[in-house]
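Visitor: Quick one: structure below, then a few questions.
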Amino acid sequence: ISPFFFFFPMLTVKKMFYYICLFFFFRTATRKKKMNSHRTFFFFSQTSPQKKEVVQYRTPPKKKSQDYVELFFFLQVYPTKKNVLETYHFFFFIRILILWSERPTKLNASQARQFKPCIKQINFPTNLIRLEVNSSLLDYYTELDAVVLHGVKDKPVLSLKTSLIDMNDIDDDAYEEKDGCGMDNLNKKFSSAVLREGPNNGYFDKLPYELIQLILNHLTLPDLCRLAQTCKLLSQHCCDPLQYIHLNLQPYWAKLDDTSLEFLQSRCTLVQWLNLSWTGNRGFISVAGFSRFLKVCGSELVRLELSCSHFLNETCLEVISEMCPNLQALNLSSCDKLPPQAFNHIAKLCSLKRLVLYRTKVEQTALLSILNFCSELQHLSLGSCVMIEDYDVIASMIGAKCKKLQTLDLWRCKNITENGIAELASGCPLLEELDLGWCPTLQSSTGCFTRLARQLPHLQKLFLTANRSVCDTDIEELACNCTRLQQLDILGTRMVSPASLRKLLESCKDLSLLDVSFCSQIDNRAVLELNASFPKVFIKKSFTQ
């Protein structure tokens, strides 16, 4: 967040308005100073090796949030208006909890804007606002500059036609709450209440069991709850564990609690892919409740998403390591409240193929143990892990143990050098995606980028963001050796010329994204000429230059 500071004239007591500008309290579920990363915007994110497996979760079509940021303001007010200031590509806001929501739509604009959604009225004061965004329709990553909350100190007097939102009505999906199918009522819908005898179901009874299961597989979780109340036949189908092989509970983060998990237990005994990201914060899910759920439902788990689940502690990771022997993918992204010693338990998950530890407090000793025992890793994210003392040691262990590694995120590694890169390049020849953005200790003069290009011929995505030492020699080596390259980010370099970029574009026929923003030798004229010669490549040049 790069805040602007606003100065407003003194306000009279009569107005009683507080113009509050955010500038230091925030919690984000996203990476980088920009709200979303290269992996979340537009179609480029879908080409990552990490995205090859696509799972159809039960997710309501209206709820497509990918990232969020929570804003803490100085004073509690009854919100009357909210302004979001954006200067570098627009966000696709999904909702401002609990004040506003809409589906994402494509915007075509490159100028700054002040986003002013028409917010709902609430009957309680607040100084906490949560912005949820979806970046799937964006051409490029965006920046959130400032958020201004307008509100009144005293409860507003509204007309009889105006209805206030109650504090308990967190979920903004109106029809779910009206029909009594929000997460507060999931427990009732999934309970084993005895259904009254009704008439037979006609020809529906004659349909094969598997066909009915296939039909019901298209329903969202709340719809499944409703259907379970209609008759015994459909209740049996709606409670079948086969309906919960892939379960996404992230859209219901606001109201998912221990009771919800307890009533889902009997139906999730076969669950393989479980998404609990964003859930359980502020005491909604306890360690005991999470542990009970996994002890019943963890034996078949293959993939577990726990991004931004701040209820997790060492006990939770111990339970995961004991109850989920088949786990192949674990996402602990932004679980920054986990103590360093908790990560030692991950080493017991020897079948792991995908591990995301972005922005966690994992320490070097625990990570070395994980790498030693989890030799099947194919996808590893260690971005912004500030507790690691020596990334060269980590890179050496990765090169020695993780021979099958395909994607590696080392974004903002503070001390990796050419020695670590040499071990990595020689030990992981199958690497397809490598993020070395904002790694200040890597210098082109050491030959580290040349070594990468020569020893990693399968590279498809390479991020060298904000490395000013990248030069023409590095680009020419990529052109000669990495002909499968699809994405290259050299944002911020001063040493690359249009001539070397042309060689790269001529050699890498699959290149779809080239980011040359803030590259001093690449002016707008050069970009236009390259665009004309290579129209299929999205060449990004910052419009602020």
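Visitor: Can you pick out the pairs among K353/K461; K82/K361; K403/K461; K337/K461; K295/K361; K509/K540 whose Cα atoms lie more than 28 Å from each other?
Guide: Values: K353/K461 19 Å; K82/K361 34 Å; K403/K461 18 Å; K337/K461 31 Å; K295/K361 26 Å; K509/K540 17 Å.
The pairs that break the limit, which is 28 Å between Cα atoms, are K82/K361; K337/K461.
Visitor: Length gain on complete extension for the stretch N415 to A532, per 0.36 nm per residue less the alpha carbon to alpha carbon distance?
Guide: Value of the extension gain: 38.1 nm.
Visitor: At 7 Å along Cα-to-Cβ for each site, give me the label-to-label distance between T441 and S426 in nm.
Guide: A separation of 1.9 nm, rounded to one decimal place.
Visitor: Hey, another quick one. Measuring from label point to label point, each 7 Å out along Cα→Cβ, what is the V302 to Q265 span in nm?
Guide: 2.6 nm
Visitor: Let me ask something else about it. Please give me the summed charge of the neighbours of T417: other residues whose Cβ is under 10 Å from its Cβ, Lys and Arg +1, Asp and Glu -1. Working shown, then result.
Guide: Values: positive: none; negative: D390, D392, E418.
Once all neighbours under 10 Å are counted, the net charge is -3.
Visitor: Please list the three semi-axes, largest first and in whole Å, of the ellipsoid equivalent to segment 474-545, using sqrt of 5 times the eigenvalues of its alpha carbon gyration tensor.
Guide: Numbers: eigenvalues 64, 35, 22 Å².
Over the Cα atoms of segment 474-545, the semi-axes work out to 18, 13, 10 Å.
Visitor: How far apart, in nm, are two points set 7 Å out from the Cα along the Cα-to-Cβ line at S136 and at H218?
Guide: Reported label-point gap for S136 and H218 is 1.8 nm.
Visitor: Given 0.36 nm per residue, what is the gain on full extension from R454 to K116 after removing their alpha carbon distance, in nm? It would help to have the intermediate numbers written out before the result.
Guide: Values: separation 338, 0.36 × 338 = 121.68 nm, distance 5.04 nm.
In short, 116.6 nm is gained.
Visitor: Right, next: Of all accessible surface on segment 404-545 at a 1.4 Å probe, what whole percent is carbon and sulfur? Walk me through the numbers on the way to the answer.
Guide: Numbers: 2820 of 5660 Å².
Carbon with sulfur: 50 percent of the solvent-accessible area.
Visitor: Sticking with this one: Normalise the Debye intensity by I(0) for segment 269-363, one equal point scatterer per Cα, no solvent, then take log10 at q = 0.21, 0.23 Å⁻¹ and round to two decimals.
Guide: -1.04, -1.29
Visitor: Continuing with this model, one more query. Given the peptides 237-248, 464-475, arrange them by the average over their residues of other C-beta atoms within 10 Å, most packed first.
Guide: Details: 237-248: 17.8, 464-475: 20.9.
The peptides rank, most packed first, as 464-475, 237-248.
Visitor: Can you pull the semi-axes for segment 331-478, root of five times each eigenvalue of the Cα gyration tensor, sorted largest first, whole Å?
Guide: Details: eigenvalues 128, 53, 30 Å².
The three semi-axes for segment 331-478 are 25, 16, 12 Å.
Visitor: Here's something else I'd like to know. In segment 270-334, if the dipole is taken from +1 on Lys/Arg beta carbons and -1 on Asp/Glu beta carbons about the Cα centre, which of S299, V319, L274 is farthest to the positive end?
Guide: Selected residue: L274.
The values are calculated or read from the model by the stated rules, or taken from the named source; none is laboratory data. Bear in mind the structure is a predicted one, so any value in this text is a computation, not a measurement. When we count neighbours, we look across all protein chains shown, and the Cβ atoms used for this are built from the backbone with ideal geometry, even at glycine. When the accessible area is computed, the model is the full protein with side chains, heavy atoms only, and any ligands, DNA or RNA have been set aside. Shrake-Rupley method; radii C 1.70, N 1.55, O 1.52, S 1.80 Å.
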